[in-house]
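These notes concern the structure reproduced below.
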Amino acid sequence: MDASEPVPAPLDAVVIGAGQAGLSAAYFLRRAGLDFVVLDADAGPGGAWRHRWPTLLMESVHGVHELPGMPVPPVDPAEQARVAVPAYFAAYEHAMDLPVVRPVKVAAVREAGEGLLAVDTDAGTWTTRTLINATGTWRRPFLPYYPGAADFRGRQLHTVDYAGPDEFRGKHVVVVGGGTSAIHFLAEINAAGGTTTWVTRRPPQFRDDEFTPELGRAAVARVEERVRQGLPPQSVVTVTGLPPTAAVRDARERGLLDRTPMFDRLTPDGVAWDTADGPRTMHADAVLWATGFRAALDHLAPLGLREPGGGIRMDGTRTAADPRIHLVGYGPSASTIGANRAGRAAVHEITRLLRDADARTSRAAPSAA
């Protein structure tokens with residue numbers, strides 16, 4: 001559907017975002033027979049996968065879990081992830097006949113009166129009885145502040161800005177972050193003829209055992225406990241540690257995982273640590289911040305959902321403050337498997353909410369003479 005078409009009458013549900021979580025929710029909304037639309041900010045299918053760096057190949061992806069009702073087709077391991085996954089998502093939208101409208105950027109969600117929500121966008125306003133937010137994190141990269149950042153004469157970039165290792169040939173790059181993306185960057189930049197220093201705030205937590213379903217459930221439980229308390233979700237690597245993947249083993253064998261503690265400040269020519277023996281400096285041509293993301297939820301601010309702890313208190317996929325609002329791909333469902341389950345759970349809750357509301361309206365209506 002094109003974003004220039006007229007905005008429809010109030011819907012049963014609006015889904016914001018057409019990534020894994022949003023498409024999963026849309027599938028179950030279709031099965032439930034509800035009137036809904038999916039609003040997506042991108043020009044085409046794929047969600048955050050459209051924006052991955054070109055050197056991320058399918059052989060390096062941890063895994064793409066299938067969307068409900070349609071297996072992932074065989075994929076060439078050498079194909080770019082930003083091509084292969086969006087192609088799968090596009091085929092899915094078509095096969096499931098999902099009403100995705102793009103490109104539509106949501107500015108705010110607010111009360112519209114009579115129990116309805118208004119979704120204000122650059123293409124008009126949709127009104128809806130319920131909302132499923134599936135905006136993920138890619139559009140909200142986290143860049144920590146360190147003194148001297150404005151004076152650094154080299155390049156600073158975040159994961160979202162990384163376009164491949166070739167521009168760093170012959171240069172020294174400080175890679176910041178303790179996750180799998182940082183390890184990927186270390187390996188690529190060195191292979192392309194650059195040099196790197198790896199810095200993290202905390203010592204990396206390497207796992208010696210494979211990541212089992214039991215460990216996965218334990219990690220999800222820890223994140224779920226945080227969001228139940230209204231705290232921001234932790235990063236995945238904080239909860240799970242770094243499993244012994246082929247990429248980790250390869251980087252270790254090449255001597256690239258000699259981690260250095262986080263620097264104290266940036267200088268015009270690099271970074272510096274303040275030690276007991278005085279400043280220790282290191283030249284850097286670039287600082288690559290692989291420091292993760294935060295949930296993209298600013299458009300929900302008019303609803304006043306945030307808790308004093310900085311997060312949104314959750315009860316399953318439902319926000320504790322408003323049963324009409326569901327967050328999928330947030331907190332414990334911020335994984336491809338978790339997003340599918342969250343989509344099903346959210347639609348189950350929404351179906352029950354709407355059924356109960358319709359029953360109350362029917363009982364309150366005056367009987368015919």
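What is the distance, in nm, between label points placed 7 Å from the Cα along the Cα-to-Cβ direction at Glu307 and at Val61?
That separation, rounded to one decimal, is 3.4 nm.
Exposure proxy check: Thr317, Thr281 ranked by fewest other beta carbons within 10 Å?
Thr281, Thr317
Among 75-81, 339-345, what's the highest-first ranking by average C-beta atoms within 10 angstrom per residue?
339-345, 75-81
Give a quick list of trypsin sites (Lys or Arg not before Pro) in segment 288-330 that DSSP marks as loop, anything other than H, G, I, E or B, with at most 15 other Cβ atoms within 10 Å.
Arg294
For segment 151-200, evaluate the Debye formula with one uniform point scatterer on each Cα (no solvent term) and list log10 I(q)/I(0) at q = 0.20, 0.22, 0.29 Å⁻¹, rounded to two decimals.
-0.63, -0.77, -1.31
With no solvent and one point on each alpha carbon, what is the Debye value of log10 I(q)/I(0) for segment 21-140 at q = 0.09, 0.14, 0.19, 0.23 Å⁻¹?
-0.29, -0.66, -1.09, -1.41
Please work out how much length the chain gains when fully extended from Glu253 to Phe206, using 0.36 nm per residue of separation minus the C-alpha to C-alpha distance, in nm with one decimal.
Once the chain is fully extended between Glu253 and Phe206, it gains 15.5 nm.
Go ahead and run the numbers for FRET between Arg352 and Arg110, Cβ-Cβ distance against an R0 of 22 Å, rounding to 0.05.
Computed FRET efficiency for Arg352 and Arg110: 0.35.
I need the calculated FRET efficiency for the pair Thr361 and Val72, taking r as the beta carbon distance and R₀ as 35 Å, to the nearest 0.05.
Plugging the Cβ-Cβ distance into 1/(1 + (r/R0)^6) gives 0.25.
Each value in this text was obtained by applying a stated rule to the coordinates, not by laboratory testing. Only a predicted model underlies this, so the values are computations on that prediction, with no experimental measurement involved. When we count neighbours, we look across all protein chains shown, and the Cβ atoms used for this are built from the backbone with ideal geometry, even at glycine.
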